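Structure, as structure tokens:
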Amino acid sequence: MSSSGGRRPLIAANWKMHLLRADVEAFCRILGEGLGTPVAQVVLFPSHPLLSSASWAIGAHAPGVALGGQDLHPEDHGAFTGDVAGPQLRDAGCSWVLCGHSERRRDHGESDDLVGRKVAAAERAGLIPLLCIGERREERHSGKTFSVLERQLAAGLVSRPSRFAIAYEPVWAIGTGETATPEIAAETHVFLRRRLSALYGERIASQTRLVYGGSVTPVNAAELYRSAEVDGFLVGGASLDAGKFLDILGVSGSA
Ligand code: PEP
């Protein structure tokens, strides 16, 4: 386990708009059989209609695994057809929520300001936001990576939530099979921890989990995890296969 500063590794599955109830039960059964007593904190992020099945399946097969929503509305209730409120996620068994995933920024026009309001709503509902930030390919190529990340981080945390974790997910690495090199992941996480220190102070910065996301597989996870700054992963595609997800968990000593 490379994570330093006493930070518990965090390994999360973002299932996006995949799977059906029977798949979720099968996944949780395999996960529970393979998991033992995990070193890492494990979180599953199913789409909203699967939350109650996932909550049941976790209780039956994989106790200790946490549940999260993939998104929430910035208001706690109201006339917002098709949206989901923080208190509803909490009521469905969630303790986490993704905020600002790049697919929501891209497909739903989520602005930095909206993401900041969602993080605040998560805190009000008693959910831990996993704030997703990351630069686009053209931003990296034009030398804007750090300014983009600095802006997204500050805007996402503008409400100064008391509990949160950060997922660094370079947009060019999500679902593309093109993973950040361990050097890119490490230097970016170092930068983010410095920015967190400027925003929150040294103590909170050193306690905050910074996970990497973007085409993580059982093959590249070990190398990425070697950096003391990488506290775990947010896994998309490879998390749909319980065996692969267990192999990634194994990198953190959890399976
Ligand atoms: C994600 O969507 O958060 C993600 C990291 O996806 P993938 O692992 O498929 O790149």
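Wholly within the stretch 1-74, which strands (runs of 3 or more DSSP E) include no fewer than the required count, namely at least 3 residues that are within 16 Å of the ligand (Cβ to nearest atom) and open to solvent by less than 20 Å² (accessible area, probe 1.4 Å)?
Once the strands (runs of 3 or more DSSP E) in the stretch 1-74 are filtered for at least 3 residues that are within 16 Å of the ligand (Cβ to nearest atom) and open to solvent by less than 20 Å² (accessible area, probe 1.4 Å), what remains is 10-14, 41-45.
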Taking the conditions exactly as written (more than 28 Å from ILE184 (Cα to Cα) and touching a Leu at 6+ places or on another chain (Cβ under 9 Å)), does ALA92 satisfy them or not? yes
For ASN220, which of the numbered conditions (1) without any contact (Cβ under 8 Å) to a residue 24 or more places away in the chain; (2) open to solvent by less than 50 Å² (accessible area, probe 1.4 Å) fails to hold? (1)
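Looking only at the stretch 229-246, which residues are assigned to a helix (DSSP H, G or I) and either more than 14 Å from the ligand (Cβ to nearest atom) or aliphatic (A, V, I, L, M) (or both)? Even if it seems obvious, please write down each step before you answer.
We begin by selecting, within the stretch 229-246, every residue assigned to a helix (DSSP H, G or I); these are 237-240, 242-246.
Across the stretch 229-246, the qualifying residues are ALA238, LEU240, ALA242, GLY243, LEU246.
Would you be able to say whether some residue in the stretch 113-132 is part of a loop (DSSP other than H, G, I, E, B) and within 14 Å of the ligand (Cβ to nearest atom)?
Start the filter on the stretch 113-132 by keeping residues that are part of a loop (DSSP other than H, G, I, E, B), which leaves 125-127.
Right, trim to within 14 Å of the ligand (Cβ to nearest atom) and you get none.
No.
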From the list ALA154, ALA186, ALA125, ALA180, exactly one residue is buried (at least 23 other Cβ atoms within 10 Å of the Cβ) and more than 16 Å from the chain's Cα centre (by Cα). Which is it? ALA180
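Do we have any residue at all in the stretch 190-200 that's under 21 Å from ALA12 (Cβ atoms), within 16 Å of the ligand (Cβ to nearest atom) and without any contact (Cβ under 8 Å) to a residue 60 or more places away in the chain?
Looking for residues that are under 21 Å from ALA12 (Cβ atoms), within 16 Å of the ligand (Cβ to nearest atom) and without any contact (Cβ under 8 Å) to a residue 60 or more places away in the chain, one finds none in the stretch 190-200, hence no.
The values are calculated or read from the model by the stated rules, or taken from the named source; none is laboratory data. The model shown is predicted, which means the values in this text are computed figures rather than measured ones. Please note: Cβ atoms are built from the backbone with ideal geometry, for glycine as well, and neighbour counts cover all protein chains shown. Please note that ligands, DNA and RNA were not included when accessible areas were found on the heavy atoms of the full protein model with its side chains. Shrake-Rupley method; radii C 1.70, N 1.55, O 1.52, S 1.80 Å.
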